[in-house]
Amino acid sequence: VRKILLSFPQVMDYNLDNHLKPIADYYISDVRFSGTEFGSIVTRFPRLFSYSLFKVKHVTGFLRFELGLDATQVKRVIFQAPQIVGLNTEGNLQQKLDLLQTRLSLTRQELGLVLSKMPTLMNL
């Protein structure tokens, strides 16, 4: 908690019951991160709490249904590169994916596989 507060003190502005807990519950219940895994994500990227639950679900759904990643791949992407949650699915994330798909002549399925193996690629 100390590390989170030092790196992202704005977290104190968020309501525990209406904002922080629903995001934590979503990642633990729906995405199926363990408490330890989720704690690791938040410690590395506390800004995760700056996004709305709608945004978190939207990006997770994009990875799952637009890219066709399975649940394990979605977990891997979010665990390795939680910053991806902050990307705009219709803007910069989609543009990066389109560029990779076009330049490398990848199918949508191949693109999803590349992303699941190297999610930090989207942070470039």
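Quick check: pseudo-label points 7 Å beyond the Cα along Cα→Cβ at Lys3 and Ser34, how many nm apart are they?
Here the answer is 1.7 nm between the modelled labels.
Kindly state, to the nearest 0.05, the FRET efficiency for Lys117 paired with Ser52, given R0 = 22 Å and r defined as their beta-carbon distance.
Once rounded, the FRET efficiency stands at 0.15.
Calculated from DSSP H runs of 4 or more alone, at -39500 (n - 2.57) each and per residue, what is the 222 nm mean residue ellipticity of the chain, nearest 500?
Working: 7 runs with 63 residues, N = 124.
Helices in the chain give a 222 nm mean residue ellipticity of -14500 deg cm²/dmol.
How large is the accessible surface per residue of the chain, computed with a 1.4 Å probe and reported in Å² as a whole number?
Averaged over the residues of the chain, the accessible area is 59 Å².
Among Lys3/Lys75; Lys55/Lys117; Lys75/Lys117, which pairs are too far apart, with a Cα-Cα distance over 21 Å?
In this structure, Lys3/Lys75; Lys55/Lys117 lie more than 21 Å apart at Cα.
Can you compute log10 of I(q)/I(0) for the chain with the Debye formula, treating each Cα as one identical point scatterer, at q = 0.14, 0.23 Å⁻¹?
Taking Cα atoms of the chain as identical point scatterers yields -0.59, -1.41.
Leaving out ligands, DNA and RNA, and with a 1.4 Å probe, what % of the accessible surface on the chain is carbon or sulfur?
C and S atoms contribute 55 percent here.
The values are calculated or read from the model by the stated rules, or taken from the named source; none is laboratory data. If you're wondering where the values come from, they're calculated on a predicted model, not measured in any experiment. Here the Cβ is made from the backbone with ideal geometry for all residues, glycine too, and neighbour counts use every protein chain on show. Heavy atoms of the whole protein, side chains included, go into the accessibility calculation; ligands, DNA and RNA do not. Shrake-Rupley method; radii C 1.70, N 1.55, O 1.52, S 1.80 Å.
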